[in-house]
1. Just name the residue that is surrounded by the most Cβ atoms within 10 Å (Cβ to Cβ) out of those in region 78-117 that are of a type outside the set (Val, Ile, Thr) and part of a loop (DSSP other than H, G, I, E, B).
2. Considering GLU94, GLU152, GLU148, which residue is free of Cβ contacts under 8 Å to residues at least 12 places away in the same chain, more than 24 Å from GLU288 (Cβ to Cβ) and not hydrophobic (A, V, I, L, M, F, W, C)?
3. For region 24-81, how many residues are of a type in the set (Asp, Glu) and under 23 Å from LYS130 (Cα atoms)?
4. Could you check region 124-139 and list, in sequence order, the residues that are surrounded by fewer than 17 Cβ atoms within 10 Å (Cβ to Cβ) and either of a type outside the set (Lys, Arg) or out of contact with any helix residue (DSSP H, G or I) (no Cβ under 9 Å at 6 or more places or on another chain) (or both)?
5. Looking at region 270-303, which of the residues that are crowded, with 21+ Cβ neighbours inside 10 Å, assigned to a strand (DSSP E or B) and within 25 Å of the chain's Cα centre (by Cα) is modelled with the lowest pLDDT?
6. Conditions first: (1) without any contact (Cβ under 8 Å) to a residue 60 or more places away in the chain; (2) not assigned by TED's automatic domain parsing to the domain that holds GLU288. ALA186 passes all but one, so which condition is the exception?
7. Could you tell me whether region 241-249 includes any residue that is over 25 Å from ASP165 (Cα atoms) and either touching a residue at least 40 places away in the same chain (Cβ under 8 Å) or not assigned by TED's automatic domain parsing to the domain that holds LYS177 (or both)?
8. SER194 is checked against (1) more than 19 Å from GLN294 (Cα to Cα); (2) free of Cβ contacts under 8 Å to residues at least 12 places away in the same chain and fails just one. What number does that condition carry?
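The values are calculated or read from the model by the stated rules, or taken from the named source; none is laboratory data. Computed from a predicted model, the values in this text were never measured in an experiment. Heads up, the Cβs are rebuilt from the backbone with ideal geometry, glycines too, and the neighbour counts pull from every protein chain shown.
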Amino acid sequence: MKKIISIVVLSLFLSMPALTMADTATTSDPGLTPDNPFYFFKTLKENIQTFFIFNAENKAMQFLHLADVRMAEYQKMVEKGKTEIAQKTLNKYEKQLNKATQKIEELKSGGKDIKKLSENLSTTTAKHIKTLGDNLQKVPEAAKKGIEKVLENLRKGIEKFKTKDETADWKTYINEKYGFSIKYPADTQCGHFSENSNGDFNFGMIEMAVLDSGGLSLSNFVDNYLSQNITRFNIIDSKKQVSINAGNAVTVTYRFGGTNKYGEMTFLKNNANIYAVGFTAGGFDCNEPQIFPQMLSTFKFIK
């Protein structure tokens, strides 16, 4: 008997789908619904799957996925006119959604980037709000109060996880000649934002240079640039291809002599030009290592 149970558990685990950020982008297929006598097998499978998810971000995604499944089940029960089962399913939906939001809050408190999770939560919640709003006109009067309560909680949840644009009140530097723009803080200790006719700029320890690619690909140009500037890029900690708002780029982190002497530079290519923007450690006046990625996220080509 134990062997049979183990086989069943293992088969349920192996059939677990891989979750992605897009799993909750569309309404889930409810599969077995709560009025089915074999429904408990479905919830057993879900519990086993959830138990074996150890990554916190994936766990939050799983809870959000299960909330979406409960909403799909709820909708089926409403369509069948099974109001009592629908309300119980709606209560289970709230529990799963609360688990998702709690897990996202834990990630946020731990300093993790929750932007994608928050966006996924907001998109899914907005879809559920529409579903519940449509059902207000379909369910009996006695069921409306429960829906209205859930709707109120969902709207509060969306507001809670709205991501604030910390660059909203920053100034924008636009260079028409070299076809790019970038934002920078208006009120900092970094000092004056200075530029020259070559498209280069300095802002505290943050700097950018516009260079001729010489017909080289981005990757080959970076390799060549690093070898020609060996004094500055003395020890390469990492060199990797990344994707930022402006497009594909290569980011290099490096050190040059001591533990407190470090820097980061990101290279982008547009037409025949290479745009190298980064910061170098030493005498930081306005926390450049923190400001730099925010500035880089606003960089874009305008032609």
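1. Start the filter on region 78-117 by keeping residues that are of a type outside the set (Val, Ile, Thr), which leaves 79-82, 84, 86-88, 90-100, 102-103, 105-113, 115-117.
Next, from what is left, pick out any that are part of a loop (DSSP other than H, G, I, E, B): 80-82, 110-113.
Details: LYS80: 12, GLY81: 11, LYS82: 16, GLY110: 9, GLY111: 7, LYS112: 13, ASP113: 10.
That would be LYS82.
2. On the way: GLU94 fails: free of Cβ contacts under 8 Å to residues at least 12 places away in the same chain; GLU148 fails: free of Cβ contacts under 8 Å to residues at least 12 places away in the same chain.
On inspection, the qualifying residue turns out to be GLU152.
3. In the first step, residues of region 24-81 are kept if they are of a type in the set (Asp, Glu); the result is 29, 35, 46, 57, 68, 73, 79.
Cutting the leftovers down to under 23 Å from LYS130 (Cα atoms) gives us 29, 68, 73, 79.
Count: 4.
4. Filtering region 124-139 for residues surrounded by fewer than 17 Cβ atoms within 10 Å (Cβ to Cβ) gives 126-127, 129-131, 133-134, 136-138.
If the condition is that a residue be surrounded by fewer than 17 Cβ atoms within 10 Å (Cβ to Cβ) and either of a type outside the set (Lys, Arg) or out of contact with any helix residue (DSSP H, G or I) (no Cβ under 9 Å at 6 or more places or on another chain) (or both), then ALA126, ILE129, LYS130, THR131, GLY133, ASP134, LEU136, GLN137 are the ones that fit.
5. PHE279
6. (2)
7. We begin by selecting, within region 241-249, every residue over 25 Å from ASP165 (Cα atoms); these are 241.
Then keep just the ones that are either touching a residue at least 40 places away in the same chain (Cβ under 8 Å) or not assigned by TED's automatic domain parsing to the domain that holds LYS177 (or both); that gives none.
No, that holds for no residue.
8. Going through (1) more than 19 Å from GLN294 (Cα to Cα); (2) free of Cβ contacts under 8 Å to residues at least 12 places away in the same chain one by one, SER194 breaks only (1).
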